[in-house]
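The values are calculated or read from the model by the stated rules, or taken from the named source; none is laboratory data. Predicted model, so just to flag it, every value in this text is computed and none were measured. Counting neighbours? That spans all protein chains shown, and the Cβs are built from the backbone with ideal geometry, glycine included. Just the protein is used for accessible areas: all its heavy atoms, side chains included, with ligands, DNA and RNA removed. Shrake-Rupley method; radii C 1.70, N 1.55, O 1.52, S 1.80 Å.
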Amino acid sequence: MRKIIVSPSLLSADFKCLKEEINRIEETKSEYLHFDVMDGHFVDNISFGLPVLKSIATCHHLVNDVHIMISDPLHYAKRFCDAGADVLTFHYEACKDENEIKEVIDIIHQNGVKAGLSIKPNTPIEVVYPFLKDLHLVLVMSVEPGFGGQTFMMNALDKIVKLRKYIDDHHLQTLIEVDGGINEQTAKLVKEAGVDILVAGSYIFGSDNYKEKVEALHK
Ligand code: DX5
Ligand code: ZN
């Protein structure tokens, strides 16, 4: 039975009381804290960035699961490592070629951080295969990146099934993370497909019982 990790996305939290929100998440069975950085250029939204990460990165015991939906990750990778990322996940589509992807992964590793690579819904899963041995995780987007509260896109399931088979057939340790529209129903589908880490934002933060919602995702 594969171990499932829940990574609540702070994007859906109440920013008036971020510390209290993080404390409430720490009381749940979550192991990661998902931190969605948006630059208003790679995606059509702006969220938060380096100063916020720096201020919250050490105020909890969860893994800082940082998802940068930004252009030019090569330029910014080190700064997110320095600001407190434990896992730094950047987008395949934000890099100009495979060499640049390798360069970003190297910078992340040189700064003692684990590397993740994310693909958007319309990007085929096969593009991540050459990098898997150097990746802590692959983040399969099940919504178009940019906003919380969107509806799960079913085409993510086939990509997860294919990636699970490839990782298992090649005896790799890379984890599969899914992000977007995850709730009690879609969590069951992606766990059956072979996912390891569930990102959930509005399903958890839109509720009045975080503990209950995280338990439901583990079921
Ligand atoms: C979307 C972000 C997701 C989002 C998840 O671009 O990467 O992490 O916050 O929010 P929900 O779970 O509400 O879809
Ligand atoms: Zn995310």
For segment 13-154, please report how many Lys pairs fall under 18 Å Cα to Cα, leaving out neighbours fewer than 8 apart on the same chain. 11
Rounded D (µm²/s) - the chain, Kirkwood Rh over Cα pairs, Stokes-Einstein at 25 °C, 0.890 mPa s: 144 µm²/s
Run the helix sum for the chain: -39,500 (n - 2.57) per DSSP H stretch of 4+ residues, divided by residue count, reported at 222 nm to the nearest 500 deg cm²/dmol. -10500 deg cm²/dmol
Take the alpha carbon gyration tensor of segment 82-122, find the square roots of its eigenvalues, order them as a ≥ b ≥ c, and report rounded if a/c is under 1.5; if not, report prolate when a/b exceeds b/c, else oblate. oblate
Average Cα contact separation per residue, segment 2-158, under 8 Å, 6 or more apart, as relative contact order %: 17 percent
Between the residues 42, 8, 194, the Cα farthest towards the positive end of the dipole of the chain, that dipole coming from +1 and -1 charges on the beta-carbon of Lys, Arg, Asp and Glu, is from 194
Accessible surface of segment 120-166, 1.4 Å probe, proportion on carbon and sulfur as whole %: 60 percent
With an 8 Å Cα cut-off and a minimum separation of 6 or more residues, compute the relative contact order for segment 147-219 in percent. 34 percent
Find the accessible area per residue for segment 1-154; the probe is 1.4 Å, ligands and nucleic acids are left out, and the unit is Å². 44 Å²
